[in-house]
Each structure stands twice: as structure tokens, then as C-alpha cells.
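Reviewing the structure listed below.
The values are calculated or read from the model by the stated rules, or taken from the named source; none is laboratory data. Everything quoted here is computed from the prediction, not taken from an experiment. Here the Cβ is made from the backbone with ideal geometry for all residues, glycine too, and neighbour counts use every protein chain on show.
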Amino acid sequence: MTPLEEIGTLTDVRVDVSVELDRRLMSIRQILAMRIGSVIEMPRSAGENIDVYVSDTLIGFGEIVIIENSLGFRITDFRTEE
């Protein structure tokens with residue numbers, strides 16, 4: 001039996017997947033000054049590495065991609081336990 005067959009009953013379970021593009025430390029003053037349309041600049045751009053999490057556990061890495069007018073990510077590697 002393959003590993004996928006062993007967990008076959010779990011394959012439809014939904015999990016929270018999140019991709020962390022960046023973090024920024026801001027003061028309360030900066031947050032209160034934000035309005036609709038405000039932009040928070042981040043130093044990342046297309047092609048840079050990002051972390052991929054499933055249920056708050058780092059599972060892999062990817063890169064930022066731009067497809068037409070949309071921002072996305074491409075998985076480039078999975079984290080292996082050491």
C-alpha cells in the first residue's frame with residue numbers, strides 16, 4: 001500500500017494554508033492614519049522566496065509570481081524533518 005493509499009480517508013479534510021509574504025512593524029499612529037486605499041510597502045518582489053504554512057506549521061517554500069494582473073506563489077521546495 002502506498003503512503004497516499006494509507007491516508008486516503010483523510011484526503012478530503014480541509015486545512016488552513018497560509019503564505020507569508022512579509023511582516024512589518026508599525027506604530028499605532030501609522031495604523032490610525034491608514035485609510036481606504038492606503039498602501040503598506042513591503043520590500044519583497046516577484047521571484048523572492050516565501051514561507052508556506054499549513055495549520056501554522058512551516059511545510060515548504062515558494063516564490064512570488066505574477067500571473068497577468070494577479071499575485072500568486074509557486075511552491076519550490078518542501079521542508080523535510082531532520
Members of the stretch 9-20 that are closer than 23 Å to Asn49 by Cβ, assigned to a loop (DSSP other than H, G, I, E, B) and of a type in the set (A, V, I, L, M, F, W, C)
Val15
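Output the residues belonging to the stretch 38-82 that are part of a strand (DSSP E or B), of a type in the set (Gly, Ala, Ser) and surrounded by fewer than 12 Cβ atoms within 10 Å (Cβ to Cβ). Can you show your working first?
Of the residues in the stretch 38-82, the ones part of a strand (DSSP E or B) are 49-54, 57-67, 70-78.
Next, from what is left, pick out any that are of a type in the set (Gly, Ala, Ser): 60, 62, 70, 72.
If the condition is that a residue be part of a strand (DSSP E or B), of a type in the set (Gly, Ala, Ser) and surrounded by fewer than 12 Cβ atoms within 10 Å (Cβ to Cβ), then Ser70 is the only one that fits.
Going by the conditions given, is Arg23 among the basic types (Lys, Arg) and either part of a loop (DSSP other than H, G, I, E, B) or touching a Lys or Arg at 6+ places or on another chain (Cβ under 7 Å) (or both)? Break it down into steps so the answer makes sense when it comes.
Working: among the basic types (Lys, Arg): yes; either part of a loop (DSSP other than H, G, I, E, B) or touching a Lys or Arg at 6+ places or on another chain (Cβ under 7 Å) (or both): yes.
It is true that Arg23 is among the basic types (Lys, Arg) and either part of a loop (DSSP other than H, G, I, E, B) or touching a Lys or Arg at 6+ places or on another chain (Cβ under 7 Å) (or both).
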Out of the residues in the stretch 1-15 that are hydrophobic (A, V, I, L, M, F, W, C) and more than 21 Å from the chain's Cα centre (by Cα), state the one that is surrounded by the most Cβ atoms within 10 Å (Cβ to Cβ).
Ile7
Filter the stretch 1-50 for residues that are of a type in the set (A, V, I, L, M, F, W, C) and closer than 20 Å to Phe61 by Cα; which is modelled with the lowest pLDDT?
Ala46
Search the stretch 16-37 for residues being of a type in the set (A, V, I, L, M) and surrounded by 10 or more Cβ atoms within 10 Å (Cβ to Cβ), and hand back the single one that is farthest from Ile66 (Cα to Cα).
Ala33
